[in-house]
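Taking it in order: structure first as structure tokens, then the write-up.
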Amino acid sequence: MTGNNGHKSASRFDALIIGAGFAGLYQLHSLRDKLGLSSVVLEAGDGIGGTWYWNRYPGARCDSESHVYAYYFSDELLTEWEWTERYPAQPEIVRYLEFVANKLDLKRDIRLGTRVVSAHYLEDENRWIVTTEGGTRFEATYLIAATGCLSAANIPAIPGLESFDGEWYHTGQWPHEEVEFRGKAVGQIGTGSTGIQAAPVIAQTAKHLTVFQRTPNFSVPAHNRPLSADFKQYVRESRAEIRKLIRSTTNAHAFKISDRKVFDVSAQEREAIYEAAWEKGGLEFRACFQDLMIDKAANDTAADFLKNKIRKIVKDPETAATLTKIDHPYGTKRPPIDTDYFETFNRENVSLIDVRANPITRITPRGIETTDAAYEFDIIVFATGFDAITGPLLKMDIRGRDGLSIHKAWETGPWTYLGLQIPGFPNLFTITGPGSPSVLTNMPVAIEQHVDWITDCIADMRNNDLARIEPTAAAADAWGEYVNETASATLMPQAGHSWYHGANIPGKPLKFMPYVGGMAHYRTICDDAASRGYEGFTRQAR
Ligand code: NA7
């Protein structure tokens with residue numbers, strides 16, 4: 001870390017990384033320990049963990065299975081860590097990341113409690129100037145946004161929230177102190193993956209839980225359980241095969257999507273396949289058939305199966321009807337997995353309100369009003385999701401060449417090449433950015449692939465004495481069209497309210513953001529671009 005005059009400077013680095021989650025930690029290790037660059041991570045939270053630092057709501061747990069929700073770049077990390085449950089709970093994930101950070105001695109280069117508010121590129125100096133909320137200034141040649149896809153909380157602008165006399169929390173900004181639900185009337189808005197995890201846990205202690213549902217959701221049981229000694233041994237011994245598998249599958253999980261098609265089997269066989277997948281539990285349900293995401297009639301068979309399950313579980317027919325009025329094909333919104341979500345509606349202390357039929361009109365000092373009723377609460381829980389994928393980047397004042405702001409560049413939606421870089425923003429890299437598979441995958445695999453690509457890219461530039469890289473506008477245009485076409489070839493666009501295309505945020509430009517073509521294929525595309533001399537990018541010496 002040397003300044004202009006050769007003296008060490010506290011604020012000038014080769015690389016600045018924003019965010020200390022899975023992505024930022026591995027990026028720091030890669031740039032600092034593999035390339036020897038002076039690098040620092042700026043992290044808004046007072047601890048590491050990124051998404052998992054903030055999402056500590058009741059029931060918070062990852063939907064990826066624990067043995068694949070881990071870094072696979074290091075055998076040492078893999079052999080020294082042991083997960084305890086089939087799906088890792090939030091505290092265990094944070095413990096895992098602490099273990100990694102300590103093992104790799106990362107903390108000395110992480111500045112906690114340091115929220116980045118702006119990042120401006122100075123062309124003459126080929127340098128990014130980054131400013132924090134506290135007014136501290138950092139400078140670097142490379143800027144890497146490891147800001148996550150689901151880190152900008154969406155608190156809907158419901159009139160009157162400020163007048164509410166009780167406590168209220170967004171699940172993605174959950175307090176570190178215990179929230180006491182015992183004896184309390186709780187209102188929960190939202191029934192996405194988060195709401196589906198939180199409701200059963202809150203219901204266990206609350207006096208009464210009222211769930212406000214706008215869009216009903218499919219959900220498959222998680223069947224979480226402690227991992228057996230045999231399974232732990234299998235994971236330890238088979239890490240090479242597991243690594244190979246998760247790097248070869250569409251969604252970067254340890255399961256392959258079946259080759260068979262829905263109507264290649266009899267109705268009876270199909271039912272048996274769905275039943276077995278339901279019993280097994282987890283995200284693998286969508287891998288039962290290869291055409292579930294492209295053929296509506298095929299998808300309907302899965303949707304019907306899952307709706308029938310809800311009707312069997314939920315005793316009150318009216319509640320069951322509200323839960324099964326699902327308006328999108330299965331899997332076109334992120335399919336949640338659950339522990340006793342539908343069973344929770346059989347409890348005496350839980351009720352379900354259909355806010356599609358009777359929307360929420362305002363929040364009052366005492367609770368929530370809809371068009372037809374008023375409800376009183378001690379606590380309101382917003383499980384209302386995120387300004388996903390682009391939100392964390394747009395929250396910062398990022399300006400590239402000639403002062404071009406990211407807001408302007410993305411006026412009609414995100415514009416990137418490979419989800420890795422943005423035209424006009426030299427040396428800025430976005431880990432799991434829009435246009436990459438990101439949220440459609442088991443994230444650590446997508447993160448490792450991006451970090452490795454970025455690290456190789458920077459190494460190659462330095463070896464060739466190149467100062468800057470950015471994609472061409474033509475490459476970004478073509479990539480955007482391809483991402484869009486790929487999504488349009490599936491049923492994905494049929495989910496009207498999905499955050500995948502920004503529809504959950506009023507005024508957000510509608511554009512399908514993640515690349516649906518699969519992680520393995522995407523990896524090849526990125527590798528090919530690099531091996532063809534960074535095709536689609538412009539690289540300059542000065
Ligand atoms: P999601 O999946 O965006 O879910 C948010 C939920 O909140 C969803 O049911 C929304 O209904 C509901 N919502 C949002 N705003 C409102 C208002 N104003 N009124 C009523 N209901 C509202 O976020 P999650 O946190 O559950 O999950 C995000 C991802 O984290 C998840 O997919 C995993 O990848 C991990 P809507 O569906 O928009 O009608």
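The values are calculated or read from the model by the stated rules, or taken from the named source; none is laboratory data. None of these values were measured; they are calculated from a predicted model. Quick reminder, even Gly has a Cβ in these numbers, built from the backbone with ideal geometry, and neighbours come from all protein chains shown. Areas reflect the complete protein model, heavy atoms only, side chains present, ligands, DNA and RNA absent. Shrake-Rupley method; radii C 1.70, N 1.55, O 1.52, S 1.80 Å.
Below is a table of values for the structure above.
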{"item": "Matching residues in region 359-397 - criterion: being within 30 Å of His120 (Cβ to Cβ) and among the hydrophobic types (A, V, I, L, M, F, W, C)", "result": "Phe386, Ala388, Ile389, Leu393, Leu394, Met396"}
{"item": "Per-region count, region 362-411, residues closer than 26 Å to Gly19 by Cβ and more than 16 Å from the ligand (Cβ to nearest atom)", "result": "18"}
{"item": "Residue identified as in contact with a strand residue (DSSP E or B) (Cβ under 8 Å, 6 or more places away or on another chain) and over 19 Å from Gly195 (Cα atoms) among Ala303, Ala277", "result": "Ala277"}
{"item": "Residue within region 252-270 that is closer than 21 Å to Leu78 by Cα and within 16 Å of the ligand (Cβ to nearest atom) present", "result": "yes"}
{"item": "Elements of type strands (runs of 3 or more DSSP E) contained in region 351-460, each with 2 or more residues being surrounded by fewer than 20 Cβ atoms within 10 Å (Cβ to Cβ)", "result": "360-363, 367-370, 374-376"}
{"item": "Selection count, region 483-518, where residues are part of a helix (DSSP H, G or I) and touching a helix residue (DSSP H, G or I) at 6+ places or on another chain (Cβ under 8 Å)", "result": "6"}
{"item": "Verdict on Ser66 being touching a residue at least 24 places away in the same chain (Cβ under 8 Å) and either in contact with a His (Cβ under 6 Å, 6 or more places away or on another chain) or over 15 Å from Glu448 (Cβ atoms) (or both)", "result": "yes"}
{"item": "Positions within region 468-496 being farther than 22 Å from Ala298 by Cβ and surrounded by 15 or more Cβ atoms within 10 Å (Cβ to Cβ), in sequence order", "result": "Arg468, Ile469, Glu470, Pro471, Ala475, Ala476, Trp479, Gly480, Val483, Asn484"}
{"item": "Residue match in region 167-188 (condition: under 21 Å from Ser498 (Cα atoms), within 13 Å of the ligand (Cβ to nearest atom) and part of a loop (DSSP other than H, G, I, E, B))", "result": "no"}
{"item": "Number of positions in region 497-533 that are open to solvent by 50 Å² or more (accessible area, probe 1.4 Å) and within 16 Å of the ligand (Cβ to nearest atom)", "result": "5"}
{"item": "Pairs, first on the phi > 0 side of the Ramachandran plot and at pLDDT 95 or above in region 157-170, second open to solvent by 80 Å² or more (accessible area, probe 1.4 Å) and assigned to a strand (DSSP E or B), C-beta under 6 Å, six or more apart", "result": "Gly160/Arg362"}
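Every residue, every condition in (1) touching a strand residue (DSSP E or B) at 6+ places or on another chain (Cβ under 8 Å); (2) among the hydroxyl-bearing types (Ser, Thr, Tyr); (3) modelled with pLDDT of 95 or more, yes or no:
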residue: Asn217; (1), (2), (3): no, no, yes
residue: Val220; (1), (2), (3): yes, no, yes
residue: Arg225; (1), (2), (3): yes, no, yes
residue: Gln233; (1), (2), (3): no, no, yes
residue: Ser238; (1), (2), (3): no, yes, yes
residue: Glu241; (1), (2), (3): no, no, yes
residue: Leu245; (1), (2), (3): no, no, yes
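Every residue, every condition in (1) closer than 28 Å to Tyr500 by Cα; (2) within 15 Å of the ligand (Cβ to nearest atom), yes or no:
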position	(1), (2)
Phe305	yes, no
Ile313	no, no
Glu318	no, no
Lys325	yes, yes
Pro329	yes, yes
Lys333	yes, yes
Ile337	yes, yes
Asp340	yes, no
